[in-house]
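Following: one structure in structure tokens, then a few remarks.
The values are calculated or read from the model by the stated rules, or taken from the named source; none is laboratory data. Treat the numbers as computed from the prediction; the structure is a model and nothing was measured. Cβ placement follows ideal geometry from the backbone for every residue including glycine, while neighbour counts extend to all protein chains displayed. To get the accessible areas, we keep the full protein, side chains included, count just its heavy atoms, and leave off ligands, DNA and RNA. Shrake-Rupley method; radii C 1.70, N 1.55, O 1.52, S 1.80 Å.
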Amino acid sequence: MTINSAVRDSGGFVTVQGEVTNNGTSEFDANDWVGNETALSASGASVAGAVLVDEAGKKRYYVLRDTEGKCLCTMKLLSIEPQETRPFFAQFPSPPESTTSVEFELPTMPPAKISISEG
């Protein structure tokens, strides 16, 4: 996974965008990235389990959902072939404007420090 941007917009959201590349030797499905929360199962193979962690503010920001409970994120991350790359996005509530760095966490992946830019 490569994160290309984390942009805060004037509507109070942060959108994280990047790419998922399958560096393995068999097909990859993002089923484990949905997380354990039962309500997110409607999102299927996706990055619905992602969170932004504001360590200084001691808060976690979860991927936003629509009225049907589906994440505001890339879904259907299924059958990613070896060496195939696909784009992804996930939208979160925005941390305070004073917060410019957060940790991006996704189940089964190590956390990554990312900077939030203004959109």
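Cβ under 13 Å from G12's Cβ, G12 left aside: what net charge do those residues give with Lys, Arg +1 and Asp, Glu -1?
On the way: positive: R8; negative: D9, E97, E118.
The answer is -2.
Mind putting a number on the dipole of the chain about its Cα centre? Charges go on the C-beta only, +1 for Lys and Arg and -1 for Asp and Glu, and I need it in Debye to the nearest 20.
Working: 9 positive and 16 negative charges, 50 e Å.
Roughly 240 debye, rounded to the nearest 20.
For the chain, build the charge dipole from Cβ charges (+1 Lys, Arg; -1 Asp, Glu) around the Cα centre, then report which of G57, S117, G44 sits farthest towards its positive end.
G57
Extension gain K59-T85, at 0.36 nm per residue separation less the Cα-Cα distance, in nm?
Computed gain between K59 and T85 is 6.2 nm.
Calculate the all-directions average of the projected area of segment 20-82's alpha-carbon convex hull, and give it in nm². Let's see the in-between values first.
Numbers: hull surface 20.3 nm².
Result: 5.1 nm².
What FRET efficiency comes out for S101 versus T21 if R0 is 22 angstrom and r is the Cβ-Cβ distance? Round to the nearest 0.05.
Numbers: r = 24 Å, r/R0 = 1.11.
Working from the Cβ atoms, E equals 0.35.
Hey, can you rank 99-109, 47-57 by average C-beta count inside 10 Å, highest first?
Listed from highest to lowest mean packing, they are 47-57, 99-109.
For the chain, with every protein chain kept in place, what is the accessible area per residue (1.4 Å probe, Å²)? Don't skip to the end; give the middle numbers.
On the way: 6560 Å² over 119 residues.
That works out to 55 Å² for each residue.
Please report, in Å, the Rg and the Dmax of segment 1-112, where both are computed over Cα atoms only.
13.8, 43
Ignoring ligands, DNA and RNA, please state the percent of accessible area on the chain from carbon and sulfur, probe 1.4 Å. The partial results should precede the final answer.
Numbers: 3290 of 6560 Å².
Carbon-and-sulfur percentage of accessible area, whole number: 50.
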